[in-house]
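The values are calculated or read from the model by the stated rules, or taken from the named source; none is laboratory data. Given the structure is predicted, the values throughout are model-derived calculations rather than measurements. All Cβ positions, even for glycine, are placed from backbone atoms using ideal geometry, and neighbour counts span all protein chains on display. When the accessible area is computed, the model is the full protein with side chains, heavy atoms only, and any ligands, DNA or RNA have been set aside. Shrake-Rupley method; radii C 1.70, N 1.55, O 1.52, S 1.80 Å.
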Amino acid sequence: MKILIFGAPGVGKGTQAKILSKKLHIPHISTGDILRAAANSKTELGLKAKAIMDAGELVPDDVMGGIIKETLNDEKTRSGFILDGFPRTIEQAEILNKVLNELGENHLILISIAADDELIINRLSERRECTVCHTIVNLIFLNDENVCPNCGSKDTFIKRKDDDADVIKNRLKVFHRNTAPVLSFYEDKAKLINVDGTKPVEQVTDDILNQLNLN
Ligand code: AP5
């Protein structure tokens, strides 16, 4: 199964992609995670990308296209993948189309998750990541002890730099301007699944699995 997870920053793409990856036994490829790993390793790409990501702008299409071509040519993605965060522009969608055509793969499923900007701003302002096991949590669900619900570490939560209020607003602006138009590109090129991202996590997953006829 070849799945694209589509939606605004903070709508829950990563949350659902991780769950689906486990359930469907296919790799979760997050372009944001790839760029953050490059930034942490201080590679040339990572250092350039970090400044762009911290400002909430988009890394250039040719750079992202190179990353995606390399990733999808890897044997590990041959039996399927969940692509989270790509494509984010029409040009990226065209690059992906070309790469998949070259690989002889053209059955795509696009899962579009929707929520309004106000809810997204609240979610991202409250998002924290455990630095030990990388579990993503919402601040309001953390207990008083500040203990990670997954690995039990204490006081290990950080806020992503691009989750600052002004940067969130810019990421949403960039989404509406550059990324939202990508949805119409796929109208006749993928099976489209629309889900309401304002529901609780488990309900969103159920909705996706129902529409995939997997429940
Ligand atoms: P990326 O890491 O892809 O960030 P994003 O798209 O902005 O998405 P997020 O990771 O912020 O949110 P999400 O939708 O995954 O939500 P999550 O599940 O965490 O990209 C970062 C940057 O990298 C970009 O800004 C850009 O600079 C660069 N980049 C990446 N790809 C690129 C590309 N292709 N081209 C150019 N540049 C690129 O959930 C958010 C919060 O909500 C969490 O706290 C979670 O616990 C909570 N939550 C999730 N679902 C629910 C729910 N149903 N109910 C209640 N809470 C929920």
Checklist line | Unique match (being within 12 Å of the chain's Cα centre (by Cα) and open to solvent by less than 70 Å² (accessible area, probe 1.4 Å)) among ILE67, ILE19, ILE82, ILE26 | finding: ILE82
Checklist line | Sole exception among (1) over 27 Å from ASP206 (Cα atoms); (2) not in a helix (DSSP H, G or I) for ILE109, by number | finding: (1)
Next item on the list: Select the strands (runs of 3 or more DSSP E) contained entirely in the stretch 123-210, then report the ones holding at least 3 residues which are out of contact with any Asp or Glu (no Cβ under 7 Å at 6 or more places or on another chain).
Entry: 127-130, 190-196
Notebook entry, point to check: From the set of residues in the stretch 40-64 that are polar (S, T, N, Q) and more than 24 Å from VAL99 (Cβ to Cβ), which is most open to solvent (accessible area, probe 1.4 Å)?
Noted result: ASN40
Next item on the list: Might you let me know whether the stretch 71-92 holds any residue that is in a strand (DSSP E or B), within 14 Å of the ligand (Cβ to nearest atom), touching a Pro at 6+ places or on another chain (Cβ under 9 Å) and more than 25 Å from ASP164 (Cβ to Cβ)?
Entry: yes
Next item on the list: Could you check, for the stretch 22-29, whether at least one of its residues is within 21 Å of ARG160 (Cα to Cα), at pLDDT 95 or above and among the hydrophobic types (A, V, I, L, M, F, W, C)?
Entry: yes
Next item on the list: Would you check if SER41 is within 10 Å of the ligand (Cβ to nearest atom) and hydroxyl-bearing (Ser, Thr, Tyr)?
Entry: no
Next item on the list: Test each condition in (1) at pLDDT 95 or above; (2) charged (D, E, K, R); (3) within 20 Å of ASP33 (Cα to Cα) for LYS169 and report the one that comes out false.
Entry: (3)
Margin query: over 17 Å from GLY14 (Cβ atoms), touching a residue at least 40 places away in the same chain (Cβ under 8 Å) and surrounded by fewer than 18 Cβ atoms within 10 Å (Cβ to Cβ): is that true of LEU119 in this structure?
Written below: no
